[in-house]
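Asker: I'd like to ask you about the structure that follows.
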There are 2 protein chains.
Amino acid sequence: MGSLQQREENGEASVVTEETAISISPGSIHGFESLHRLLEANLKPQIFQEVSRLLLGLNCGRPLERICLPEAATSLSAENNFDLQAFSFHADKELLRQQRVVRVGLIQNSIALPTTAHFADQKNAIMQKVKPMIDAAGASGVNIICLQEAWMMPFAFCTREKKWCEFAEPVDGEATQFLQELARKYNMVIVNPILERDVSHGDTIWNTAVVIGNHGNIIGIHRKNHIPRVGDFNESTYYMEGNTGHPVFETAYGKIAINICYGRHHPLNWLAFGLNGAEIVFNPSATVGELSEPMWPIEARNAAIANSYYVGSINRVGTEVFPNPFTSGDGKPQHSDFGHFYGSSHFSAPDASCTPSLSRHRDGLMVSDMDLNLCRQLKDKWGFRMTARYELYADLFSKYLKPDFTPQVIVDPALQKKI
Amino acid sequence: MGSLQQREENGEASVVTEETAISISPGSIHGFESLHRLLEANLKPQIFQEVSRLLLGLNCGRPLERICLPEAATSLSAENNFDLQAFSFHADKELLRQQRVVRVGLIQNSIALPTTAHFADQKNAIMQKVKPMIDAAGASGVNIICLQEAWMMPFAFCTREKKWCEFAEPVDGEATQFLQELARKYNMVIVNPILERDVSHGDTIWNTAVVIGNHGNIIGIHRKNHIPRVGDFNESTYYMEGNTGHPVFETAYGKIAINICYGRHHPLNWLAFGLNGAEIVFNPSATVGELSEPMWPIEARNAAIANSYYVGSINRVGTEVFPNPFTSGDGKPQHSDFGHFYGSSHFSAPDASCTPSLSRHRDGLMVSDMDLNLCRQLKDKWGFRMTARYELYADLFSKYLKPDFTPQVIVDPALQKKI
């Protein structure tokens, strides 16, 4: 069978069983599909079960619940070599409210053509690549789906070249029109994160999520609130901090919000969507291994716990190589690629549980059933809103914003004597 | 050899090696000392290395760095059967600032006598049990150490009986005096989380951390800001939300703060200590398995990442049984114990790395070297403060606090028609 990496390269299916347990050489640290599968393949079942309990937050002895998807979906996954996983979160039944189970999807994808191809061809090829994944979601009865950040283009911000702005499009542009048709066809809410060109405001560029209703209508937009200036993420060269606040979109299937990429490092951004009533917050992202992989499983789960809502985390996948070499502000020589986008899309729930992650190497569709009633159940159980003392923090922030803010510091008198 | 649990019960040392790899029956899920050791004992070294990289956030191919402690410390650990682990975090050297490496310790402990013993004997026995761990820290050159929440008493709040208030003591009471002597002896800053009796304010009870300077002086106090009302954590029956704000204590070894127990679920509480300049925030806790174990490895690491400081997480250990049975508000019959306090104390760093955890069953001392310069290095690298847009949130909070707050919700017009 060879290593998982080899099997992937051969396009073989990637179900890892005890017999195909892989061995990893230190040089091939990207050889496995996900931490979950690596552990599953290398631990005895009983130990794996306990490790899963701790890592996936499966308390009360509850096992990880997989959903069986229809053959129409699994065959699309096999034909198009995308990872397909489906799970269900647990919630208690209530006496006074019906269950509100929605089926939610996340799509991660690599680009489809070299970045040297004609821009129109690149964009079109990505759309054709993503379509079978949306079709699989449609065949699976997914109600709400979210794509990755700026999914319709390579993540070219590392280059600092302005020509990539040509990929930007208006809110009702090509990508939106493509997805509106699929939204109507599958009666599905689709979150469409694009690079936006705001023609009515002097061609301003934004990083935007367009929320498309299940009738194909545009419900509204959210523009990325927090912009990175780190490593190759030269996004502040291209667009500014969003001006749309923290909107929650009330769709046919629940109240959703979008925290785009770098916003996941800001607990306040997550909190604001919570205060506005979000039940599911998507985090469409594009992030690379060396920089952020240790943070990836932490921040989304923390947000789900602290704010009593579900989180869907999406990261693009693959390595993107650009025509002109660039430096990365790290003293290293010029190079042409952004590093490895490690995929690993997954869901987190307000009860601190989470799903395993999609592949670190391949396109993928993650599906999960979630009862939105769980959000309020967790609010009632843990009382985080009730105990939050927002008045303390409103007061602190108003002081902190002043130029002469003095931090609350108590100095050891013994130190003061020395001074 | 038998299972780890058996070996622990026999008082045997618990270093798990390849040869002693344990097998777990589904019924004995508490049989292993820590996730890290369970994986180490059951994975091939190369795979364990990669799993560690992901779980401990060891990026850039950097291995986990262990510190070799002096024999005086290791022999105290062996004689008194407490877990002893020591690690070092990595930080870059700077050109204009000297390194500021401090050695920091965390102590977790079970109670020492049955809860039926005379209160004075119980308290005294805990102090005598904790002393060798502080001695080991002293022998190891630890600069700052923190004990667990209300370390000088059983965590009796599950009972709702007011007699346990007798354990409360003034800021300069018995526990503080005991630790002041050790602080002087070892030139060590000691954080002393007690149940406080505020005699000058009508015998009010608080949940308080007393910060003792390295000369044995009391630098100041912090009172727990957020109080749980969940499960057996009936703490709001005993004391109210703290009135000391979010103080940072400038000690001889760096700027520290204390986020007591349930405050770790509140990102705003973590944030406030950060805005006031904390470099290390301790989270002395008491929490049990079924309720919070899946959250435990998430929240502290997220706080360290989001606020660019170190976090020291401490949880008490063992099962505490009380004289009178009580119910838990979960419909189950009365019972006499609080469940298993799972220990698992550990450190998190601002670069998203963390140490393995102390034992889930035994007392323990965790030691870590940390260069406080890393905090500013991460602020410069990631720019979370710079990009935080606090003015947005100050404005949101001021609106949210008003009774007529209207969340920012964009309703799908198709839904409105239906209504």
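Asker: In nanometres, what is the gap between the two model label sites at A:GLN416 and A:ASP337, each 7 Å from Cα along Cα-to-Cβ?
Answerer: Result for the modelled spin labels: 5.8 nm.
Asker: For A:TYR400, B:TYR238, write out the residues from largest to smallest accessible area, computed with a 1.4 angstrom probe and no ligands counted.
Answerer: Sorted descending by solvent-accessible area, the residues read A:TYR400, B:TYR238.
Asker: With +1 on each Lys and Arg Cβ and -1 on each Asp and Glu Cβ, and nothing else charged, work out how big the dipole of the range B:336-419 is about its Cα centre, in Debye to the nearest 20.
Answerer: Computed about the Cα centre, the dipole is about 360 debye.
Asker: Please give every one of the lysines within straight-line cross-link reach of B:LYS163, meaning a C-alpha to C-alpha distance under 20 Å, and leave out same-chain neighbours fewer than 8 residues apart.
Answerer: Correct list for B:LYS163: B:LYS123.
Asker: Suppose each label sits 7 Å from its Cα in the direction of the beta carbon; what would the B:LYS131-B:THR204 distance come out to in nanometres?
Answerer: 3.5
Asker: With a 1.4 Å probe, what is the total accessible area buried between chains B and A, in Å² rounded to the nearest 100?
Answerer: It comes to approximately 9100 Å² buried between B and A.
Asker: With a 1.4 Å probe and all protein chains left in place, how much of the accessible area of the protein assembly as shown comes from carbon and sulfur atoms, in whole percent?
Answerer: Carbon and sulfur: 52 percent of the exposed surface of the protein assembly as shown.
Asker: Taking 0.36 nm per intervening residue step and subtracting the Cα-Cα distance, what contour gain separates B:HIS118 from B:GLN98 on full extension?
Answerer: That pair, B:HIS118 and B:GLN98, stretches by 2.1 nm at full extension.
Asker: Skip the ligands, DNA and RNA, and give the accessible area per residue of chain A with a 1.4 Å probe, whole Å².
Answerer: Dividing the accessible area of chain A by its residue count gives 36 Å².
Asker: Moving to a separate point now. Any idea of A:THR355's accessible area? Nearest 10 Å², probe 1.4 Å.
Answerer: Using a 1.4 Å probe on the heavy atoms, I get roughly 10 Å².
Asker: For a quick check: with amide H placed at 1.01 Å from N, whose amide H comes under 5 Å from B:GLY339's, ignoring anything fewer than 5 positions away on the same chain?
Answerer: Placed amide hydrogens put B:GLU320 under 5 Å from B:GLY339.
Asker: Top to bottom by accessible area (1.4 Å), largest first, where do B:GLU241, A:GLU196 land?
Answerer: Ranking B:GLU241, A:GLU196 by accessible area, largest first, yields B:GLU241, A:GLU196.
Asker: Identify, among B:GLN334, A:GLY329, B:GLN416, the residue whose Cα sits farthest towards the positive end of the charge dipole of the protein assembly as shown, taking +1 on the Cβ of Lys and Arg and -1 on the Cβ of Asp and Glu, with the dipole about the Cα centre.
Answerer: After comparing all options, I get B:GLN416.
Asker: Mind ranking B:ILE47, B:ILE410 by accessible surface for me, highest first, 1.4 Å probe?
Answerer: Output order, biggest surface exposure first: B:ILE410, B:ILE47.
Asker: Can you give me the distance in nm between label points at B:ARG66 and B:GLU241, each placed 7 Å from the Cα along the Cα-to-Cβ direction?
Answerer: Placing both labels 7 Å beyond Cα along the Cβ direction yields 4.6 nm.
Asker: Separate question: So, with +1 on the Cβ of K and R and -1 on the Cβ of D and E, and no other charges, what is the size of the charge dipole of chain B about its Cα centre, to the nearest 20 debye?
Answerer: 1120
Asker: Where in the range A:209-234 does accessible area fall by at least 40 Å² between the isolated chain and the complete protein assembly, at a 1.4 Å probe radius?
Answerer: By number: A:ILE219, A:HIS226, A:ARG229, A:VAL230.
Asker: Assuming a ≥ b ≥ c are the square roots of the Cα gyration tensor eigenvalues, decide whether chain A counts as rounded (a/c under 1.5), prolate (otherwise, with a/b larger than b/c) or oblate.
Answerer: rounded
Asker: Could you give the distance between the Cα centres of the range B:104-146 and the range A:327-368, to the whole Å?
Answerer: First find each Cα centre; the distance between them is then 43 Å.
Asker: Let me ask another. Using a 1.4 Å probe, how large is the accessible area of A:ARG100, given in Å² and rounded to the nearest 10?
Answerer: 90
Asker: Name the long-range amide H neighbours of A:VAL101: under 5 Å, sequence gap of 5 or more, or other chain; modelled H, no Pro or chain starts.
Answerer: A:LEU372
Asker: If one computes the Cα centroid of the range A:388-413 and of the range B:182-250, what distance in Å separates the two points?
Answerer: About 20 Å separates the Cα centre of the range A:388-413 from the one of the range B:182-250.
Asker: Ok, one more. Sorted from shortest, what are the nm distances separating the label point of A:LYS44 from equivalent points in the other copies, each placed 7 Å from Cα along Cα to C-beta?
Answerer: Spelled out, the distances from A:LYS44's label point are 1.8 nm.
Asker: Taking H as built 1.01 Å from N, whose amide H comes closer than 5 Å to the amide H of A:THR204, not counting residues under 5 places away?
Answerer: A:ASP198
Asker: Pop out the ³J(HN,Hα) list for the range B:299-312 in order, Karplus 6.51 cos²θ - 1.76 cosθ + 1.60 with θ = phi - 60°, rounded to Hz; leave Gly and Pro as x.
Answerer: 5, 5, 5, 4, 5, 4, 5, 5, 10, 6, 9, 7, 10, x
Asker: Dipole of the protein assembly as shown, Cα-centred, from +1 at each Lys and Arg C-beta and -1 at each Asp and Glu C-beta, to the nearest 20 debye?
Answerer: Using only the charged Cβ atoms, the result is roughly 1280 debye.
Asker: Tabulate in residue order the Karplus-calculated ³J(HN,Hα) for the range B:219-236, using 6.51 cos²θ - 1.76 cosθ + 1.60 with θ = phi - 60°, rounded to whole Hz; enter x for Gly and Pro.
Answerer: After applying 6.51 cos²θ - 1.76 cosθ + 1.60, I find 7, x, 10, 10, 10, 3, 7, 10, 10, x, 9, 8, x, 7, 8, 7, 6, 5 Hz.
Asker: Note down the accessible area of B:GLU166, probe 1.4 Å, to the nearest 10 Å².
Answerer: Approximately 140 Å² of B:GLU166 is accessible to the 1.4 Å probe.
Asker: Enumerate the calculated ³J(HN,Hα) couplings along the range B:134-149 in order (Karplus 6.51 cos²θ - 1.76 cosθ + 1.60, θ = phi - 60°), each rounded to whole Hz, writing x wherever the residue is Gly or Pro.
Answerer: So the Karplus estimates, Gly and Pro as x, are 5, 4, 5, 5, x, 5, 8, x, 5, 8, 9, 9, 10, 8, 7, 4 Hz.
Asker: Among the listed pairs A:LYS93/B:LYS332; A:LYS417/B:LYS93; A:LYS224/A:LYS399, which have their C-alpha atoms separated by more than 23 angstrom in this model?
Answerer: In this structure, A:LYS417/B:LYS93; A:LYS224/A:LYS399 exceed 23 Å between Cα atoms.
The values are calculated or read from the model by the stated rules, or taken from the named source; none is laboratory data. As the structure is a prediction and not an experimental result, all values here were calculated from the model. Note that we place each Cβ from the backbone using ideal geometry, even for glycine, and neighbour counts take in every protein chain shown. Remember, those area values only see protein heavy atoms, side chains included, never the ligands or the DNA or RNA. Shrake-Rupley method; radii C 1.70, N 1.55, O 1.52, S 1.80 Å.
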